[in-house]
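Peer 1: Structure in structure tokens, see below.
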Amino acid sequence: MREMSDFEKLSSMLIQYAAMLNTKIWICEKIGRRLSCIARAGDERYTESFIVYEDEKYLMFAEREIDEDEYVLIREIIERVKEMREPSESSDLKE
């Protein structure tokens, strides 16, 4: 059996969050002026997408606007992504 790619690992981690938020979510990494999709999960509805998180390295999109109380989950998702991709940078969110 082959090893899962980073995209597959991150996307499988997002599945539970997409279900909790009841929307498709995807995360992109900023590479210069371009965006590279590094993970996605949830059912596609072909509706308008919204940027629900952005920092110097990552953007997170959702197919609906996120309520104020749901931002706890968004922060948790981004923290987990950073832990999985860059273990030393995950402490930046805790400050």
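Peer 1: What is the magnitude of the charge dipole of the stretch 6-90 about its Cα centre, with +1 placed on the Cβ of each Lys and Arg, -1 on the Cβ of each Asp and Glu, and no other charges, expressed in debye to the nearest 20?
Peer 2: 400 debye
Peer 1: Farthest toward the dipole's positive end in the chain, which of Trp26, Thr47, Met1, given Cβ charges of +1 (Lys, Arg) and -1 (Asp, Glu) about the Cα centre?
Peer 2: Selected residue: Met1.
Peer 1: Over the chain, how many pairs of lysines fall under 14 Å by alpha carbon, counting only those 8 or more apart in sequence or from different chains?
Peer 2: Pairs that pass both the separation and distance tests number 5.
Peer 1: Just checking my list (1) 51; (2) 34; (3) 40 against percent of Cα pairs over 20 Å apart computed from this structure; which label fits?
Peer 2: Read-out taken from this structure: (2).
Peer 1: Near the amide H of Ile66, under 5 Å away, which other amide H atoms are found, from residues 5 or more places off or on another chain, if H is placed in the peptide plane?
Peer 2: Amide H neighbours of Ile66: none.
We did not get these values from a lab; they are worked out from the coordinates using the rules stated. Model, not experiment: these values are computed from the prediction. Here the Cβ is made from the backbone with ideal geometry for all residues, glycine too, and neighbour counts use every protein chain on show.
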